[in-house]
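What follows is a set of notes on a single structure, which appears directly below.
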Amino acid sequence: MTQEFKPVRVRFAPSPTGYLHLGSARTALYDYLIARKTGGQFILRIEDTDRKRLVDGAEEELMSNLRWLGMEWDEGPDIGGHYAPYRQSERKEIYQEYGEKLVESGFAYYCFCTPQRLAAVREEKQKKKEPPHYDRICRSIPIEEARERIAAGESHVLRFKTPIEGTTIVKDLLRGDISFENKTLDDYILIKSDGWALYHLAAAVDDHLMKITHVVRSSEWLPTSPIHSLIHQAFGWDEPVWVHLSVLLKPSGKGKMSKREAVELSGEGHSIFIKDMQGLGYLPEAVVNWVALMGWSYDDHTEFFSMQDLIEKFSLEKLNPAPAATNFTKFDYFNKLHIKVLSDADLAERLQPYFKTAGIQTDKKVLEKIAPIVKERIVTLDDAVEMAKFFFTDKITYSKERILMEGCDAKGTIEIGRRILEELKSLKEWNTADLDLIVRGMMEKEGKEPKQFLGFLREVISGQKISPPLFESMEILGKEVVLKRLENALRFIEENFD
Ligand code: GLU
C-alpha cells in the first residue's frame, strides 16, 4: 500500500492577498482529491499574516469560489475544527512562543540591524557578485544582551540560524531528493519587527500542530523549501511529505502565467480567476476537469472526469512536475463535454440566471424544452442566451438583408410565405415530425433548397442567423406564435420593399 492510502491531512493555505486563480485552484483540488480518496481531512487555513497586502473581501470570495467548485473543507476558519483557529492572524502568540523556543534551543537569534544597514550590506554583496544575503552580524550578540535591548524597546526581527556548511536535502514526492548547499541559503526572517510571523515559521508551526501529513503547494516555494525542512528538524518534528506542483505556463507555453498575461486574457473573454468563470458561462465541473489535467493524467487517453471519477482515480504519484500550459481551447472543449451530460432540468436551471442577467424573463418549462436542443450547440452557458432569446420575446426584429428568401424578390417571398401560412394553419398535429414532413414537402413542391426555404423560416421565427434546429424550435414556440411571426414577417416585407 502506498503512503497515499492512509488517511491524509492536507491543508489548502491561501493568502487573502488576491483571488483564487487557476494555479491555486489546482493546488486546492489536488488537496481535496487526495483527502477524499483516502478518507482523510481537507483543511482550509487562511495565511493572512502579511497584513499590508490583504485584499478586502478576498477571504469570503475564496471560500465561495471553493464551494462553487465543489470542494467543501472539513476544518476551517468558518467551521472550526480540532486545531482551531485556522486563520493565522489569530495565531500570532503561538508563532511567538515557537520562535522563542528556537531561540532557546539555539536555532534562531534576534537581529537589530536597521533597514539602512541591511540595504548597505545587500549593495556591498551585489557589488562583489555574491548572493545578497544578510551578513549574520547579530548572530554573535549574546542572548542576555539581546533580551536587554528588546526590553529597552529596540526594534528587532527574529532570524533563523541557517547552517553555514553542509547540505540540506528536501525529499519531494515528484522530484525526488533535492540537495541544497546550505551556504547558498540566507538567515531568513521568521518574525518581523511588527511581531507578525512570516510564512516560513508560521506554516511550519501550523503544519506540525495541525498534523498535516502532505504539503501540496506551488513550486514557487521550492527555493526556500530547505528552510522549511530545517525548521522542522530544528524542532525535532517529522517533516510532512513535500509535493511541489508543476509551474503553470501562459497559453502560448512560453513563460510563466503573469499578472500582465491575466489582464490580456480578460480582453479575450478569458480569465484565470475562478470568481469570473461563472459569469463567463463555465461550469464548475469543467473547471475542475480542466484544472485536474494540468499536471496530472490518469492514462494517455481518458479526458472526461467528474469530481467522483477524480476522487476514485487521482493519485499524487501520477502528478507530472513538468510545466503545464494553460490551454483555454481545451477549457471550452471540457465545458462543452460537461454541458452535454447535464440533464435537461439541470441545464435549464443553470441557464436561467444568464437570461436573467440579459434582462430576459424565462419560463422554466420552456427552458426545459430548449435545453436538449441547445445542449450540443453551446460552448458556454451564456451562448444559450443569444441562441434562444427569441423564445421569450414577441418582438422579433427583422433585417432587410436577411428576410427575403434567398434567390427570391419581395413578391416571390410573399407568395411563398402565404402558401406556407395556409399550409401551417391547416396543420392538425403541431410537432417536430409533422412540421418536418410538411415543410420539406412544400420545399420540394416549390423547388427550393433547404438553405433558401428553411433559412427563410429560421429568420421568420427567430430573426437570427443562427438558431437551434428549426422544427424543434417551431414546436416549442407553438402554432399560434409561429403563425403570428410569419404574418408579421410578411407584413414587414410588404412595408419595406417596393
Ligand atoms: N500562503 C502560501 C501561498 O499562498 C501557502 C503556500 C503553502 O501552501 O504552503 O502561497
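Since every read-out is calculated from the coordinates, none of them should be taken as a lab result. The model shown is predicted, which means the values in this text are computed figures rather than measured ones. Here the Cβ is made from the backbone with ideal geometry for all residues, glycine too, and neighbour counts use every protein chain on show.
Dividing the mean sequence gap of close Cα pairs (under 8 Å, 6+ apart) by how many residues the stretch 169-216 holds gives a relative contact order of 17 percent.
How would you classify the stretch 110-228 from its alpha-carbon gyration tensor, with a ≥ b ≥ c the square roots of the eigenvalues: rounded for a/c under 1.5, else prolate if a/b is greater than b/c, otherwise oblate? Because a/c hits 1.5 or more and a/b fails to exceed b/c, the stretch 110-228 counts as oblate.
The string of couplings for the stretch 263-273 from the Karplus curve (6.51, -1.76, 1.60, θ = phi - 60°) is 5, 4, 4, 5, x, 9, x, 10, 8, 9, 9 Hz, one whole number per residue in order, with x for Gly and Pro. Only helical runs count toward this figure. For the chain, summing -39,500 (n - 2.57) over DSSP H runs of n ≥ 4 and dividing by all residues gives -14000 deg cm²/dmol at 222 nm. For a test of the definition: using alpha carbon positions, the gyration tensor, and the 1.5 limit on a/c, classify the stretch 178-248 as rounded, prolate or oblate. Rounded shape, in that the Cα axes give a/c under 1.5. Of the trypsin sites (Lys or Arg not before Pro) found in the stretch 315-419, those in coil by DSSP whose Cβ has at most 14 other Cβ atoms within 10 Å are Lys395. The stretch 1-79 and the stretch 311-327 have Cα centres spaced 18 Å apart. From the square roots a ≥ b ≥ c of the eigenvalues of the alpha-carbon gyration tensor of the chain, which class results: rounded (a/c under 1.5), prolate (a/b over b/c), or oblate? It is prolate, given that a/c is not under 1.5 and a/b is the larger ratio.
With the alpha-carbon atoms of the stretch 147-196 aligned to their principal axes, the span from lowest to highest coordinate is 47, 23, 13 Å, starting with the largest.
Pop the C-beta distance of Asn496 and Ala84 into the FRET formula with R0 = 56 Å and round what comes out to the nearest 0.05. Numbers along the way, then the final one.
On the way: r = 71 Å, r/R0 = 1.27.
Efficiency for this residue pair is about 0.20.
The modelled label-to-label distance between Gln361 and Ile164, using points 7 Å beyond Cα along the C-beta direction, is 8.1 nm. Taking θ as phi - 60° and the Karplus parameters 6.51, -1.76 and 1.60, the scalar couplings of the stretch 225-232 work out to 4, x, 5, 5, 4, 5, 5, 4 Hz in sequence order, x denoting glycine and proline. Of the GluC sites (Glu not before Pro) found in the stretch 231-298, those that fall in a DSSP loop while having at most 14 other beta-carbon atoms within 10 Å are Glu268. Taking each of Lys395/Lys445; Lys259/Lys340; Lys129/Lys161; Lys183/Lys256; Lys259/Lys465 in turn, the alpha-carbon distance tops 26 angstrom for Lys395/Lys445; Lys259/Lys340; Lys183/Lys256; Lys259/Lys465.
Give, rounded to the nearest 20 debye, the magnitude of the charge dipole that the stretch 395-469 has about its Cα centre when Lys and Arg contribute +1 at Cβ and Asp and Glu contribute -1 at Cβ.
Numbers: 14 positive and 13 negative charges, 52 e Å.
The calculation lands at about 260 debye.
In this rough spin-label picture, where each label sits 7 Å from Cα along the Cβ direction, the Lys428-Thr393 distance is 3.7 nm. Label positions at Glu154 and Lys465, each projected 7 Å from the Cα along the C-beta direction, are separated by 7.6 nm. Among the listed pairs Lys356/Lys400; Lys211/Lys275; Lys52/Lys128; Lys37/Lys171, those with a Cα-Cα distance over 25 Å are Lys356/Lys400; Lys211/Lys275; Lys52/Lys128. In sequence order, the stretch 27-38 has phi-based couplings of 4, 4, 4, 4, 4, 4, 4, 6, 5, 5, 5, 9 Hz under the Karplus curve 6.51 cos²θ - 1.76 cosθ + 1.60, θ = phi - 60°, and Gly or Pro positions carry x.
Tell me the net charge near Val170. Cut-off is 13 Å between Cβ atoms, Val170 excluded, with +1 for each Lys or Arg and -1 for each Asp or Glu. Once positives and negatives cancel, what remains is -1.
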